[in-house]
Amino acid sequence: MHNYLDFEKPISDLEGKILELKKLASEDESVNTSDEIARLEGRVRDAMAEIYSKLSPWQKTQVARHPSRPHFLDYAGTLFSEFTPLAGDRNFANDDAIQAGLARFRGTPVAVIGQEKGNDTKSRIKHNFGSPRPEGYRKAIRVMEMADRFGLPLITLVDTAGAYPGVGAEERGQAEAIARSTEMCLNVKVPIVTVVIGEGGSGGAIAIATGNRVYMLEHAIYSVISPEGAASILWRDSTRAKEAASSMKITAEDLKTLGIIDGIIPEPVGGAHRDPNTVIERTGTVIADALKELSARTGEELRGDRRQKYLSMGRNL
């Protein structure tokens with residue numbers, strides 16, 4: 001059974017009936033339920049198409065956070081070969097919320113950085129639910145420096161609700177680490193291709209997302225603060241997150257219109273969690289096309305274009 005979101009009740013009811021019919025057929029071979037199952041499966045497809053064609057920003061937020069949505073390690077295991085993760089910031093500790101290392105992407109050596117949320121209780125605790133500490137960003141800086149030194153294209157996959165706001169993280173320079181990581185993104189002379197695969201939250205995301213090309217999955221979100229955080233600040237009531245999400249322009253469609261991102265990667269009907277292999281393959285194709293386009297530019301051109309991209313944001317609104 002899937003983990004159904006609250007707006008997916010019509011789908012959950014239909015798929016529940018399908019499971020009951022399949023169980024009935026397996027227990028009694030004389031009962032033929034194939035026609036009814038086929039009819040219900042058609043209704044499921046229609047219901048999913050209708051529901052997902054008109055998702056609200058808050059519903060997209062729920063899809064972006066879906067527990068079964070593919071995360072960084074799912075992409076890394078499929079898109080990259082010889083992925084060698086590097087650990088530690090050479091200063092304090094290793095942070096498992098940020099995964100970074102070297103790999104081959106369709107035969108080309110690349111550097112890879114991304115946030116990993118985990119997919120069960122144990123792994124979520126290990127990866128701190130995808131919220132990096134300062135040493136995670138310093139590890140990312142170390143890999144960016146390596147990519148720049150050896151001329152390796154940099155691929156970043158963003159999926160974080162935001163940087164970890166704990167006391168220890170602040171004491172060890174969370175804001176400084178995020179700023180340095182963002183600065184490093186702007187300074188390297190290699191192509192950077194970024195994909196927001198789930199949540200892109202605040203400076204915790206932009207620290208590794210300041211790329212030459214930035215893409216989002218169709219139901220991903222990207223914002224300066226979470227809807228809950230915005231509601232807490234604006235109305236001192238986090239339960240108004242749905243209202244905040246509708247006002248914040250956090251969806252891929254809104255951000256493409258505003259010129260914040262360069263493109264949208266379509267998800268399968270029902271979200272990326274319904275067909276991870278398809279969405280990962282589509283993501284790989286978009287990354288490959290972007291790297292091919294950017295490979296013709298010099299290091300100075302890449303850096304200059306990247307800086308101009310971010311300096312010009314918001315000026316024509």
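Residue-wise test of (1) closer than 30 Å to residue 105 by Cα; (2) among the polar types (S, T, N, Q).
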residue	(1), (2)
195	yes, no
198	yes, no
210	yes, yes
231	no, no
253	yes, no
264	yes, no
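Scanning the stretch 161-189 for residues that are in a helix (DSSP H, G or I) and either charged (D, E, K, R) or not assigned by TED's automatic domain parsing to the domain that holds residue 228 (or both) turns up 170, 171, 176, 180, 183. Looking at 107, 118, just one residue is in the same structural domain as residue 272 (by TED's automatic domain parsing), over 22 Å from the mean Cα position of the chain (by Cα) and modelled with pLDDT of 90 or more, and that residue is 107. When we screen 89, 159, 95 for residues that are over 26 Å from residue 66 (Cβ atoms) and of a type in the set (Asp, Glu), the only hit is 89.
Per the listing 10, 67, 57, the residue uniquely in contact with a strand residue (DSSP E or B) (Cβ under 6 Å, 6 or more places away or on another chain) and of a type outside the set (S, T, N, Q) is 57. Every condition in (1) under 25 Å from residue 5 (Cβ atoms); (2) not assigned by TED's automatic domain parsing to the domain that holds residue 147 holds for residue 71 except the one numbered (2). Scanning the stretch 66-83 for residues that are surrounded by fewer than 18 Cβ atoms within 10 Å (Cβ to Cβ) and at negative phi turns up 67, 68, 77, 78, 81, 83. Within the stretch 42-69, the residues that satisfy the criterion of being among the hydroxyl-bearing types (Ser, Thr, Tyr) and part of a helix (DSSP H, G or I) are 52, 61. Restrict the check to the stretch 268-283 and report whether at least one residue is assigned by TED's automatic domain parsing to the domain that holds residue 193, more than 26 Å from residue 4 (Cα to Cα) and of a type in the set (A, V, I, L, M, F, W, C). For the stretch 268-283, residues assigned by TED's automatic domain parsing to the domain that holds residue 193, more than 26 Å from residue 4 (Cα to Cα) and of a type in the set (A, V, I, L, M, F, W, C): absent.
The values are calculated or read from the model by the stated rules, or taken from the named source; none is laboratory data. Owing to the predicted nature of the structure, the values given are computational and were not obtained by experimental measurement. In this analysis, Cβ positions are derived from the backbone assuming ideal geometry, glycine residues included, and neighbour counts consider all displayed protein chains.
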